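The block underneath contains the structure these notes are about, expressed in structure tokens.
FYI, it's all coordinate maths here, none of it is from the lab. Predicted, not measured: the structure shown is a model, and the values here were computed from it. Because the Cβ atoms are built from the backbone with ideal geometry, glycine has one as well, and the counts that use them run over all protein chains shown.
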Amino acid sequence: MPATRLALFSAKDCPQLALIRDILVEKGADPLICDMRLGGDGAPLVSLDGARASWNGHDFSEVAAIYIRCTAPNTLPSPPAVQNAASYCEYRGDYLREQGFSAATVSFFAALGAAGKLVINQLDTYADHDTKAQLYEKLRAQQFPVPETLTTNDPERAWQFMKSHAEVVVKPSVGVGSTRLFNEQDRDRLDQFRICPVMIQERIRGDTLRINIVGDSVVLAIRIVGSNENVDSRTAPRGFDFVKLPDEEEARIVRANRALGLHYAAWDIIESHDGRYLYLDCNPGPYILWTGAEFSRAVLEQLGEYMIGYAETGSVEQASARVRPYAEPRGGRAT
């Protein structure tokens, strides 16, 4: 019996892709490693004609499940993570050159999904991660818990929101910039909101938890040590502690993950001091190696089980049944 054929996509030489490749090989699968980049020197050759999809000469007719670590180039349904105004002109030129490659990339994975193959995750799901306002509104509309949030370019509307909350944080409405506390001196800069809409949010004091979901299970929940002291949880984390969410909270965030069309994702949520769980972010292609070797492997092992389960059965339900949550830490705190 031939080894299970799976495909893994990322930018070239990605260490996280190398880890899941090794895990899949250990499980008896035959993973195909694919460079996600279509544009630029040495880019793969891709063809799609309805009857056959090929990426760099590899026929995908026998590939049952695909994992996308990250998107590259900038895919059309998902706005880019623009760092600052100075980078805009350079980005704009790159984007215009990439448009054809982007359209082909989106079409390739959409066609695989339409053919019944498991795509983790389709490229349009990255839009929720890259543009937070729609993520919060989608979750709010479906009654999932999020902090009170306002995205606006109206200085007066922003000031009214700020006055109604004890503490407010400011976030980029697009991209990956840091979160910071709004202070009294910032009031003099409110007119700058007219230049670009800004996302402002009530500050929820508590610990940031990273929730890793595969299929229908929370496979690992960890507390970012020191996050209670920082407005942005990525600021100098001191390690990660294993935590177990209440069963009803696990079920709720799994429902939210499925509501966004996701098979695998890492969520950032706040466990507030008053016992609430509120959702902050959902990343469909997370980088997880920063959480340490044990936690990273625990998550990717279950992602591998999910992919193999689908390849063998063609059923998301049966693939989910193979997933086993990480129960207890074996090596203590990851630092």
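Work out the length of the dipole vector of the stretch 206-321 about its Cα centre, built from +1 on the beta-carbon of each Lys and Arg and -1 on the beta-carbon of each Asp and Glu, and round it to the nearest 20 debye. It would help to have the intermediate numbers written out before the result.
On the way: 10 positive and 18 negative charges, 43 e Å.
Dipole of the stretch 206-321, to the nearest 20 debye: 200 debye.
Under Stokes-Einstein, with the Kirkwood radius over Cα pairs standing in for Rh, what whole-number D in µm²/s applies to the stretch 206-321 at 4 °C and 1.567 mPa s?
Approximately 89 µm²/s, per Stokes-Einstein.
Which lysines have a Cα lying under 23 Å from the Cα of K163, excluding residues fewer than 8 positions away in the same chain?
Leaving aside lysines fewer than 8 places away in the same chain, those within reach of K163 are K132, K171.
When Cα extents along the principal axes in Å is calculated directly from the model, which label among [x] 66, 49, 34; [y] 81, 38, 35; [z] 56, 47, 34 fits?
[x]
Extension gain A103-W290, at 0.36 nm per residue separation less the Cα-Cα distance, in nm?
Going from the current span to full extension adds 64.2 nm.
Nearest 5 is fine: what % of DSSP beta bridges in the chain come out antiparallel, could you say?
Expressed as a percentage, antiparallel bridges in the chain total about 75.
Find out how many positive minus negative residues lie around E305, taking Lys and Arg as positive, Asp and Glu as negative, among other residues whose Cβ is under 12 Å from that of E305.
Once all neighbours under 12 Å are counted, the net charge is 0.
By how many degrees, between 0 and 90 and to the nearest 10, does the Cα long axis of helix 293-313 differ from the longest principal axis of the chain?
Rounded to the nearest ten degrees, it is 50.
Can you give the helix-only mean residue ellipticity at 222 nm for the chain, where every DSSP H stretch with n ≥ 4 adds -39500 (n - 2.57) and the sum goes over all residues, rounded to the nearest 500 deg cm²/dmol?
On the way: 8 runs with 103 residues, N = 335.
The helix-only estimate for the chain comes to -9500 deg cm²/dmol at 222 nm.
For the chain, take the longest principal axis of its alpha carbons; what is the angle in degrees between that and the long axis of helix 132-141, to the nearest 10 within 0 to 90?
90 degrees
What is the helix-to-structure angle for 88-114, meaning the angle in degrees between its Cα long axis and the longest Cα principal axis of the chain, kept from 0 to 90 and rounded to the nearest 10?
Here the helix axis deviates by roughly 50 degrees.
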